[in-house]
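All remarks here apply to the structure that follows.
Every number in this text was worked out from the coordinates using simple rules, so none of it is lab data. Model, not experiment: these values are computed from the prediction. Don't worry about glycine lacking a Cβ; one is built from the backbone with ideal geometry, like all the others, and counts go over all protein chains shown.
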Amino acid sequence: MKKIHLLATIMIAGVIGFTSCNQSSKNKQVVKKENFGVYKGKDVFLFTLTNKDGNVLKITNFGARITWIEVPDKAGKKENVTFGFDTYDGMINGDPYFGAVVGRYANRIAKGKFSLDGTEYSLALNNGVNTLHGGPTGWHSVVWDGEVVEKTEFPTIKFTYKSPDMEEGYPGNMDVEAIYTWTDKNEIVIDYKCTTDKKTVLNITNHAYFNLHGAGNGDILDHELVIKASTFVPVDSTLIPTGELRPVTGTPFDFTTHHPVGERISENYDQLVYGKGYDHTYILDNKEEVDATVYEPISGRLMEVISDQPGVQFYCGNFLNGKRIGHGGKPYNFRSGLCLETGHYPDSPNHPDFPTTVLNPNETFKSTTIYRFSVK
C-alpha cells in the first residue's frame, strides 16, 4: 500500500499552540471554536480553521464533518467549494452524509449480512435491500469528541469516537480517531486511526461533495477529472459488486487522462445505467503521489486527491434533487457536486478475493487522505 510522505512536514511539534480564538503572531493562523447546538444531550461545536493566507476550513464534531472549504479562484476570488448548511437545524435535518466521516463500513454491504469465523452478522437495511455507509445511525450521525491539537505547525482538530460493540450490528468496541489538519498549501489532511477489541470489519472515508465553481453554483459536468486507475469495480442493479474487476480501457470509465465528467455520462453503457451515472469504486494504481485530480476551467481551481487506500468511489451526485437547501439558500441540484471517497471496495466482507477489510484486536488501522486545492 502506498505510503504518504507529506506527513513528515505536517505534524511537526513547535512552539505554536492553537486554542479557541487563539491566533499565532508568526503565521496569523487561527482556530475558532463556537457552540453550534445540542444533539441528544451532547454539545455540537463548529471549528473554523484559518491558514496563513486567510483561507478557511470549517468542521464540526457532529459526524466529524467538513462543512465549508473557502479557497480562491485564479483571480483571487474566494468561494466555498463544498456542500453544507448555514445553520445547526439545517445540518441535523439535511443530507446525512455531506462532509461526514462515514463508518463503520462506508459504501454498501449486500443484503446487510456478512460472516466472520462462521458467525453471521445482520445489519440495518437502509439502501433498498442493502446496508449503506454503516447504517442509518452510523458514524455520520453521532456527536464525536473534538479538541484543538496544540503544538502543531498548522491548525489541527482531533475528533474521537467510541463505537460500541454491536453498534448497527458490527462486532467489537472500536476506538476511532479522525484528525483534520489545514495546511498553508490549502491541504485538508485527514488522518484516521482505529482499534478494536473484537474481530470486525472496517471501511472509513469522508463523504464531502465538491463543486469547484462554488457550492450551489451549477453542475459539475464541465469539471475535468483524472483518476489514476486502470480498473474499476462493476456493480449490479442494486450497486453491489458483481465480483468482476473490469479494465477501464475503451469504456466511459476511463479517466486515466482528463475528461469532462459529463462527456460520456449519458452513454448507453451497463454500468452508467445501473448507477444512473458514475457511482463506482476505482482501483487505484497507487504508483504516483497524486491519485486523482479535478480541474474546473472557468475558475481555474484544481483539487488533487492523495491517499494510501486501495480505492476511491467516484460519485457525481446522481441522487441529488434540489430538495436540500445549503449555504446561502442555494439548492443542491442534480449532479451539482461530486465525491471522491477514498477507501476499500463495496461489499468486501462478502468477497474474499477483494483486499481485506478485517481488523483484528491488537492491530491498529491507520490511513491518510489529502485534498489539496490550488489554481492553474
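Each label point is 7 Å from the Cα along the Cα-to-Cβ direction; what then is the distance between the points at residue 270 and residue 162, in nm?
4.8 nm
Taking the simple approach of a point 7 Å from Cα along Cα-to-Cβ for both residue 376 and residue 42, what is their distance in nm?
Going by the 7 Å Cα→Cβ label model, 4.1 nm.
Which peptide among 244-252, 75-83 comes first, and what is the full order, when sorted by highest mean count of other Cβ atoms within 10 Å?
Values: 244-252: 13.2, 75-83: 17.9.
In decreasing order of mean packing, 244-252, 75-83 become 75-83, 244-252.
Identify which of 195, 137, 87 has the largest mean-square fluctuation in a Gaussian network model of the chain, with springs joining Cα atoms closer than 10 Å.
Comparing 195, 137, 87 in a Gaussian network model of the chain, the most mobile one is 87.
Have a look at the chain and give its Rg and Dmax from the Cα atoms, expressed in angstrom.
Calculated on Cα positions, Rg and Dmax stand at 19.6, 59 Å.
Under 5 Å between amide H atoms, partner at least 5 residues away or on a different chain: which partners does residue 68 have, H built in plane at 1.01 Å?
Amide H neighbours of residue 68, under 5 Å, 5+ apart: 58.
If packing is taken as the average count of other Cβ atoms within 10 Å, what order do 320-328, 213-221 fall into, highest mean first?
By packing density, highest mean first, the sequence is 213-221, 320-328.
Would the stretch 182-291 count as rounded, prolate or oblate if I go by the C-alpha gyration tensor, calling it rounded below 1.5 in a/c and otherwise prolate when a/b exceeds b/c, oblate otherwise?
oblate
Could you order peptides 268-274, 138-144, 92-98 by the average number of other Cβ atoms within 10 Å of their residues, highest first?
Those peptides, ordered most packed to least, come out 138-144, 92-98, 268-274.
With the chain treated as a Gaussian network of Cα nodes joined by springs under 10 Å, which of 147, 187, 34 yields the largest mean-square fluctuation?
34
Given the -39500 (n - 2.57) contribution per DSSP H run of 4+ residues, what per-residue ellipticity at 222 nm results for the chain, rounded to the nearest 500 deg cm²/dmol?
The helix contribution divided over the chain gives -500 deg cm²/dmol.
Taking θ = phi - 60°, what integer Hz values does the Karplus form 6.51 cos²θ - 1.76 cosθ + 1.60 yield along the stretch 80-95, in sequence order, with x for Gly and Pro?
With the stated coefficients, the stretch 80-95 comes to 6, 10, 10, 6, x, 9, 6, 10, 4, 4, x, 5, 5, 9, x, 4 Hz.
Over the stretch 5-375, what relative contact order in percent results from Cα pairs under 8 Å that are six or more residues apart?
In percent, rounded to a whole number, it is 17.
Applying 1/(1 + (r/R0)^6) with R0 = 30 Å to the Cβ-Cβ distance of residue 298 and residue 333, what FRET efficiency is obtained, to the nearest 0.05?
My answer for the efficiency is 0.95.
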